[in-house]
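S.K.: Dropping a structure here in structure tokens format, bear with me for questions.
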Amino acid sequence: MSRKDYVLFDRNTKAFVYGFQTNAIQRMLDFDYICKRESPSIAAIINPSRAGIHKAFWGTKEILLPMYKTVAMAAKAYPEADVMVNFASHRSAFETTMEALQEKTIRVVAVIAEGVPERQSRILSATAQNLLKVVIGPATVGGMAAGAFRIGNTAGTIENIIASKLYRPGCVGFVSKSGGMLNEAFNIISRNSNGIYEGVAIGGDRYPGSNMLDHIMRYEANPEIKMIACLGELGGEDEYRIIQALKTGKITKPLVAWVTGTCSPVLPASVQFGHAGAKADTEKETAQAKNQAFREAGAYVPTSFDGYGDEVRRVYDTLLAKGVVKESTEPESPRIPADYSKALAEGIIRKPTTFICTVSDDRGEELLYAGKKLSEVLDQKMGIGGVIGLLWFKKELPDYAARFIELVLQIVADHGPAVSGAHNAIVASCAGKDLISSLCSGLLTIGPRFGGAIDDAAREFKRAKETGMTPEHFVNDMKKKGINIPGIGHKIKSVKNPDKRVQLLIQYAKSNFPRTELLNYALQVEQLTTAKKGNLILNVDGCIGILFIDLMGSCGAFTQAEIDEVVKLGYLNGLFALGRSIGLIGHILDQKRLGARLYRHPAEDIAYMMPTSEEIQCKR
Amino acid sequence: MAQRGIREYDAKRLLAKFLPEYLSEFSYKGDLALVGPDTDLEELVAANPWLKEGRLVVKPDQLFGKRGKHGLVLLDANWDGAKRYLKENMGKEVVVGGIAGRLTHFLIEPFIPHEGEFYVAISSSSDGDNIFFSPEGGVSVEENWDKVVQLHINVLAGIDSMDIKSKLPKSLAGQSEAVEKFIRALYKFYAETGFAYLEINPFAIHIGAIVPLDMVAKLDDADEYWQRKRWNGLIFPEPFGRSLSKEELFIKELDSKTGASLKLTILNPDGRVWTMVAGGGASVIYADTICDLGFAGEMANYGEYSGDPNTEETYYYTKTILDLMTRKKDPRGKVLLIGGAIANFTDVAKTFKGVTMALEEYRNKLQDAGVKIYVRRGGPNYELGLKLMRDLGKRLGVPIEVYGPETHMTRIVPLALEGASQ
């Protein structure tokens, strides 16, 4: 694919973007799309920290852009890409640009970074010249060819591109130092002519990679460009090279020129304007002298920047009158789908949400738990019990209720290494699993026979009492159904060897709860069951479940419907899972500290009983 | 980011420390002492015993030249004489090249009696560097410019392949080789130490050794990242006659901490026309337009913000300007121009949010000072940004006129100033 020397970008230009600049990448693709390019202008992204793919929009569809770690790899994969848009920081702009210039296939590099040292910029510029390549920048937004290709963020938003008709070529070639003024100039030129053909900002540094004349000479050579506009700046002598070319007839197309910085003679000499190069060291470098020299050399020079557009219009109208330029019918102005986030922010679209959250909100300045600021939670010393009240029940529980939850958590926190959950967690930890996996192994053991009877006990006792069953009736009913009463019975503890934990819970409830009706009922049930067998006591699961029903029923914070919901949805097993996680983590860490090795259960502790060969025969 | 002057003290210090890496026989010791307004002279002597041992030169070190012509150089003095000179001149106001300022920094170094003054300078140009050399240096070098030898060093080729010897004046005779070696080394030192300009006028050859007498230098401050070790915390002083105000220093510090650009120069604190313009290019055009309309004398500041500063940064930037402009009242009122081109990627709404926060905070002071505000801006999210300004206008009690990209960029300048001149 060979392009004429004077064409840097056309509708088939393929480029690399160096640096993972997702906004700029999307802006380039959006521009390509509204220009109705056949394919995106970005061949690949070069991202030194990650190779792979990047997903971006092409209109309403999504496409994948390949991503390489080095310039060389990208250039090898896409020899048709001859432009690199370099977003590397000022620290690495030089070396990455040099790398790109060394690639045979890369012809143009736009360097966006500000603050590239002058020596580095000059080496880039000289290297590019020797290789017959072009560096645009540093310290610029870049440039664009209307209807064909844009460098990075040049020309800003899609709305602006549409307003300045940059989706189709006009007849004006524009060049400026300032990247910030590029967009403004596109706006002015589009209002006073048929618009931009190509526009480049060379950057505000003292030694740009390519100078204004380099681009003007390309515009001069390009037959599609009928007039040239430039916007110079005080400082440096770049403009005099243009003036020399005008005088020697190398520029034949009409040139509208203005040099900014006419204010400098009346300002103190030491003012450094925004651009590094913008300082007149000699009379010749002042804006006044340059504007005058432009005028004398035959350029169209307004009396102030305000007249720049008028001057463009004057030249354009002359070209129209001479028939050099013909008015053409405007193509329909294109549309780009609005970005979801932007449209949402503007309130012009809506969409039903997928999730609802009524528990916490992290969007504002401060995290909210059930609408309460975290700082207030801490100020009021609500504790873990209070936080559980907010996040599980969405209620500010009375203090004794919050303390009860904490009591439960402390009581269930651990029950030694031999119980199923801790055992499984220990075995997993010994097998070399990480903390979370081992914890899950322990938690997954929680169920109807281990720690998971809290909800069942609460449900069964509550049902029995509410349906008016006497304790005797309840015990018989369960027996008839052949179901063990949940919350009753313990492997080791018995009437003679009472469970201290149960005693502590009951003690707390009796002295703090307004009422303990369900507990009283359960204790009557226990009297019946322990009469049959000494270990059929009210166990810790049952006690927690039953007391929670009493707590909710008496503290005034819950309606009956809410209590029913807590039981139905199984909130209360959460108390055991949460509390026991503390102990499980302790056991897991213990094993890790001890450097425990893989556990294998001793064979002599297993009764191996194989079926006989007859037993496994198919009998039919 | 630009070429910036450094003190002669620092230039010579760098030379003494790093030139020997390129020229082993360079024996200049760099006996240098810098005296500022708060320097304790006794401590200085303790650290630099040579001050008491020989004859001295004392001269101001504040980035201005022609010190001899202004009678500001003390030659061939002893320590007591130097102290007397410092006492008489420290803090004294002088006018140099039409600029008035106070003398605050002096360089003291040993006095070198010498015969023959040489001139050497290196400056940068777009494709390389230019070396200037003359065996007839000193104050009259400009008059004898035809004697100056000029060498151009291509930025890619470097100096090694250059023929220098044949270009040096024949009159150097036996000194020719030493001068050539010195020039080669000086160039490498210049190129590898981040210099953008360097002039030694004159240097002498004293008992066979090269000694720099007067030196002027500029560094490319963009090179700081690569020169951290060599520059080692070197400070760029402000140009003579310009000391930064508290507010300018504050903005400078803010600027140094962000990837965005924030610049502020106060031109006339009593001026009635204040600007807050986005963009290095646009800000100059606004200043031009103000001057074109004849309000140069009323222009209070030059500044710019660009490179997508965040809300907090624009808040502090605006606050600084509002604070300055509402300190003094003017019966004719004041104007604030919040201008800018159509941005490429700076988020207008985000930057304007910071601006409106500051304006709201200064509501009463703005009312008291009779400030009128004119806004013009375009770019990403500009509709929202302009709406923020319009909404603010309704409740601020200060007139705000707001324009977008449909209005010419500098149109608000005549709109504001025609009001201001009434």
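The values are calculated or read from the model by the stated rules, or taken from the named source; none is laboratory data. All figures in this text were calculated on a predicted structure; none of them were measured in a lab. Neighbour counts run over all protein chains shown; Cβ positions are idealised from the backbone, glycine included. What goes into the accessible areas is simple: the full protein's heavy atoms, side chains included, and nothing from ligands, DNA or RNA. Shrake-Rupley method; radii C 1.70, N 1.55, O 1.52, S 1.80 Å.
S.K.: So what's the gap between the Cα centers of the stretch A:234-287 and the stretch A:501-560, to the nearest angstrom?
M.R.: Cα centroid to Cα centroid, the span is 91 Å.
S.K.: When the accessible area of chain A is computed with all protein chains present and a 1.4 Å probe, what percentage of it is carbon and sulfur?
M.R.: On the way: 15870 of 29600 Å².
That share works out to 54 percent.
S.K.: Still on this structure, please answer the following. What distance in nm separates the simple spin-label points at A:L594 and A:A418, each placed 7 Å from Cα in the Cβ direction?
M.R.: Each label point is offset 7 Å from its Cα along the Cβ direction, giving 1.5 nm.
S.K.: Please give the calculated 222 nm ellipticity per residue for chain B, where each DSSP H segment of at least 4 residues contributes -39500 (n - 2.57) and the sum is spread over every residue; nearest 500 deg cm²/dmol?
M.R.: -9500 deg cm²/dmol
S.K.: By the scheme Lys and Arg +1, Asp and Glu -1, what is the net charge of all other residues having a beta-carbon under 12 Å from that of A:T303? Working shown, then result.
M.R.: Working: positive: A:R295; negative: A:D306, A:D310, A:E311, B:D288, B:D292.
Around A:T303, the surrounding residues sum to -4.
S.K.: Got the relative contact order for the stretch B:14-94 handy, in percent, Cα pairs under 8 Å and 6 or more residues apart?
M.R.: Relative contact order here is 22 percent.
S.K.: What's the FRET efficiency of B:S243 with A:D281 using the Cβ-Cβ distance as r and R₀ = 25 Å, to the nearest 0.05?
M.R.: 0.65
S.K.: Summarise the accessible area of the stretch B:33-110 (1.4 Å probe, protein heavy atoms) by the percent that is carbon and sulfur. Don't jump to the answer; show the numbers that get you there.
M.R.: Details: 2060 of 4070 Å².
Summing carbon and sulfur atoms, their accessible area is 51 percent of the total for the stretch B:33-110.
S.K.: Once the cut-off is 14 Å, how many percent of the Cα-Cα pairs in the stretch B:310-372 end up in the long-distance tail? Before the final figure, lay out the partial values.
M.R.: Details: 1116 of 1953 pairs.
Result for the distance tail: 57 percent.
S.K.: Compute the distance in nm between two label points, each set 7 Å from the Cα along the Cα-to-Cβ direction, one at B:N48 and one at A:K481.
M.R.: Going by the 7 Å Cα→Cβ label model, 9.9 nm.
S.K.: Out of all DSSP beta bridges in the protein assembly as shown, what portion is antiparallel? Express it as a percent rounded to 5.
M.R.: The answer is about 60 percent antiparallel.
S.K.: Okay, next question. Tell me, for chain A, which Cys residues have no other cysteine's C-beta sitting closer than 4.7 Å.
M.R.: Unpaired cysteines in chain A: A:C35, A:C171, A:C230, A:C357, A:C430, A:C440, A:C543, A:C555, A:C618.
S.K.: If you don't mind, there's one more thing I want to ask. Size of the stretch B:246-420 along its principal axes in angstrom, Cα-based, largest extent first?
M.R.: Result for the stretch B:246-420: principal-axis Cα extents of 39, 35, 32 Å.
S.K.: Right, another one. Calculate, for the stretch B:33-110, the solvent-accessible area per residue in square angstrom, rolling a 1.4 angstrom probe over the heavy atoms of the protein chains.
M.R.: Normalised by residue count, the accessible surface of the stretch B:33-110 is 52 Å².
S.K.: What angle do you read, to the nearest 10 degrees and between 0 and 90, between the alpha-carbon axis of helix A:308-322 and the longest principal axis of chain A?
M.R.: Once rounded, the angle reads 60 degrees.
S.K.: So, one more: Total Å² of accessible surface buried at the B-A contact, 1.4 Å probe, nearest 100?
M.R.: By this definition, chains B and A bury close to 4300 Å².
S.K.: Now for a separate question. Build a GNM of chain B with springs between Cα atoms under 10 Å: which of B:L168, B:L41, B:L74 gets the top mean-square fluctuation?
M.R.: In this elastic network of chain B, the residue with the biggest mean-square fluctuation among B:L168, B:L41, B:L74 is B:L41.
S.K.: Further, regarding this structure: Considering every residue in B:377-384, what mean count of other chain Cβ atoms within 10 Å of its Cβ is obtained?
M.R.: Numbers: counts 0, 8, 7, 9, 4, 4, 2, 3.
For peptide B:377-384, the averaged partner shielding equals 5.
S.K.: Note the angle between two axes, namely the Cα long axis of helix B:79-89 and the longest principal axis of the Cα atoms of chain B, as a number of degrees from 0 to 90, rounded to the nearest 10.
M.R.: On a 0 to 90 degree scale, this one is about 20.
S.K.: Take A:E159 and A:E466, extend 7 Å from each Cα along the Cα→Cβ direction, and tell me the distance between the two endpoints in nm.
M.R.: Each label point is offset 7 Å from its Cα along the Cβ direction, giving 5.7 nm.
S.K.: Okay, moving on. What is the distance in Å between the Cα centres of the stretch B:177-242 and the stretch B:53-117?
M.R.: With the stretch B:177-242 and the stretch B:53-117 each reduced to a Cα centre, they are spaced 20 Å.
S.K.: In the neighborhood of B:D270, defined by Cβ-to-Cβ distances under 14 Å, what is the net charge if each Lys or Arg adds +1 and each Asp or Glu adds -1?
M.R.: +4
S.K.: Sort A:V359, A:V85 from largest to smallest accessible area, using a 1.4 Å probe on the heavy atoms of the protein chains.
M.R.: Listed by decreasing accessible area, they come as A:V359, A:V85.
S.K.: When ligands, DNA and RNA are left out and all protein chains stay put, how many square angstrom of accessible area per residue does the stretch A:395-438 have with a 1.4 Å probe?
M.R.: Normalised by residue count, the accessible surface of the stretch A:395-438 is 43 Å².
S.K.: I'm a student and want to see the number: the projected area of the Cα convex hull of the stretch A:159-272, averaged over all directions, in nm². Can you show the working numbers first?
M.R.: Numbers: hull surface 31.5 nm².
Computed as one quarter of the Cα hull surface, the answer is 7.9 nm².
S.K.: What's the ranking of A:482-491, A:528-537, A:164-173 by average number of surrounding C-beta atoms within 10 Å, highest first?
M.R.: Result, highest mean Cβ count within 10 Å first: A:164-173, A:482-491, A:528-537.
S.K.: While we're on this one: When only DSSP loop residues count, what trypsin sites (Lys or Arg not before Pro) in the stretch B:372-414 have their Cβ near at most 16 other Cβ atoms within 10 Å? Intermediate results must be reported in sequence, preceding the final value.
M.R.: Details: sites: B:K372, B:R376, B:R377, B:K387, B:R390, B:K394, B:R395, B:R411; in loops: B:R377, B:R411.
Counting only loop positions with at most 16 other Cβ atoms within 10 Å, the trypsin sites (Lys or Arg not before Pro) in the stretch B:372-414 are B:R411.
S.K.: Which residue, B:K353, B:K334, B:K229, has the most motion in a Gaussian network model of chain B that connects Cα atoms within less than 10 Å?
M.R.: Comparing B:K353, B:K334, B:K229 in the GNM, the peak value goes to B:K229.
S.K.: If you take the beta carbon distance between B:K167 and A:I63 as r and set R0 to 56 Å, what does 1/(1 + (r/R0)^6) give as a FRET efficiency, to the nearest 0.05? Before the final figure, lay out the partial values.
M.R.: Numbers: r = 60 Å, r/R0 = 1.08.
Computed FRET efficiency for B:K167 and A:I63: 0.40.
S.K.: Here's a follow-up. What would the Debye equation give as log₁₀ I(q)/I(0) for the protein assembly as shown at q = 0.07, 0.10 Å⁻¹, counting only Cα atoms as equal point scatterers?
M.R.: With no solvent term, the Cα-only Debye profile gives -0.81, -1.18.
S.K.: Additional query: Taking accessible area as the heavy-atom solvent-accessible surface of the protein chains with a 1.4 Å probe, which residues of the stretch A:73-119 lose no less than 10 Å² upon going from the isolated chain to the full protein assembly?
M.R.: Buried on complex formation: A:H90, A:R91, A:E114, A:G115, A:P117, A:E118, A:R119.
S.K.: When the solvent-accessible surface of protein heavy atoms is calculated with a 1.4 angstrom probe, in what order do A:C618, A:C357, A:C430 fall, highest first?
M.R.: A:C618, A:C357, A:C430
S.K.: Using alpha carbons only, how many degrees (0 to 90, rounded to 10) separate the axis of helix A:212-221 from the longest principal axis of chain A?
M.R.: Orientation of helix A:212-221: about 70 degrees from the principal axis.
S.K.: Straight distance only, please: which lysines reach the Cα of B:K59 with their own Cα at less than 16 Å, same-chain residues fewer than 8 apart left out?
M.R.: Correct list for B:K59: B:K12, B:K69, B:K83, B:K87, B:K92.
S.K.: May I pose another question? Give me the net charge of B:G71's neighbourhood, meaning all other residues with Cβ under 14 Å from the Cβ of B:G71; Lys, Arg count +1, Asp, Glu -1.
M.R.: Taking every other residue near B:G71 into account, the sum is +4.
S.K.: Roughly how crowded by other chains is peptide A:258-268, in terms of the mean Cβ count from those chains within 10 Å of each of its Cβ atoms? Provide the component values of the computation, followed by the final result.
M.R.: Working: counts 2, 1, 9, 5, 7, 12, 5, 2, 7, 7, 8.
Per-residue shielding by partner chains comes out at 6.
S.K.: How big is the gap, in Å, between the Cα center of the stretch B:303-351 and the Cα center of the stretch A:150-197?
M.R.: Cα centres, the stretch B:303-351 to the stretch A:150-197: 26 Å.
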